[in-house]
Amino acid sequence: PKTVKDYPIWNFDGSSTGQAEGSNSDVHLYPAAVFKDPFTRGNNKLILCETYTYDQKPHSSNLRHGCAEVMNKAADEIPWFGIEQEYTILDIDQYPLQWPKNGFPAPQGPYYCSVGADRAFGRDIVVAHY
């Protein structure tokens with residue numbers, strides 16, 4: 001497929017995921033965007049889909065639909081988006097990595113956003129996920 005429109009509409013049983021009742025349980029997946037898969041790489045793709053109910057209306061969990069409407073109205077603007085990754089990395093003793101063994105860390109401060117090499121514990125794990 002060359003464009004998102006070339007991908008088929010799929011469906012799944014929404015009663016299994018709590019997204020539909022048993023009598024009309026089809027939830028349809030409308031392809032909305034295609035991305036190169038940054039995890040498996042190669043020719044693999046990730047398809048972002050919108051969910052629609054059995055009667056072809058945007059599902060209540062389909063927040064992308066409303067967002068797309070707003071973004072189309074503001075097409076002349078230049079939005080900024082960011083992704084925040086949060087981790088709890090446990091040491092081999094099941095305590096958070098570098099957590100004091102007999103107490104608690106200092107109140108939130110410079111370490112909160114990993115400012116400084118002496119505070120960015122587990123950074124190699126975070127970078128490996130990029």
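The values are calculated or read from the model by the stated rules, or taken from the named source; none is laboratory data. No experiment lies behind these values; they were computed from the predicted model shown. Using ideal geometry, Cβ is built from the backbone for each residue, glycine included, and neighbour counts are taken over all protein chains shown. Just so you know, the surface numbers come from the protein's heavy atoms only, side chains and all, with ligands and any DNA or RNA stripped out. Shrake-Rupley method; radii C 1.70, N 1.55, O 1.52, S 1.80 Å.
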- Message: Helix 63-73 against the longest principal axis of the chain: what's the angle in degrees, Cα atoms only, rounded to the nearest 10?
- Response: 80
- Item | Candidate residues His129, His28: accessible-area rank, largest first, probe 1.4 Å | His129, His28
- Note on the structure: Expressed as a percent, the accessible surface of the range 1-91 that is carbon or sulfur, using a 1.4 Å probe and the full set of protein chains, is 55
- Pick out, in residue order, every one of the trypsin sites (Lys or Arg not before Pro) in the range 15-68 that is DSSP loop and has at most 12 other C-beta atoms within 10 Å; say none if there are none. Arg41
- Task: Describe numerically, in nm with one decimal, the distance between label points set 7 Å from Cα along Cα→Cβ at Ala33 and at Asp91.
- Result: 4.0
- Query: Rg/Rh for the chain: what does it come to with C-alpha atoms and Rh from Kirkwood?
  - Reply: 1.11
- Query: Counting Lys +1, Arg +1, Asp -1, Glu -1, what net charge surrounds Asn24 among other residues with beta carbon under 15 Å of its beta carbon?
  - Reply: -3
- Computed from the beta carbon distance with a Förster radius of 22 Å, FRET efficiency for Ile47 and Ser23 to the nearest 0.05 stands at 0.20
- Task: Check the chain and count each lysine pair with an alpha-carbon distance under 28 angstrom, considering only pairs eight or more places apart or from different chains.
- Result: 12
- Mind checking the full-extension length gain between Ile83 and His65? Use 0.36 nm per residue of separation minus the Cα-Cα distance, one decimal, nm. 4.5 nm
- Query: What accessible area per residue, rounded to a whole number of Å², is obtained for the range 1-75 using a probe radius of 1.4 Å?
  - Reply: 74
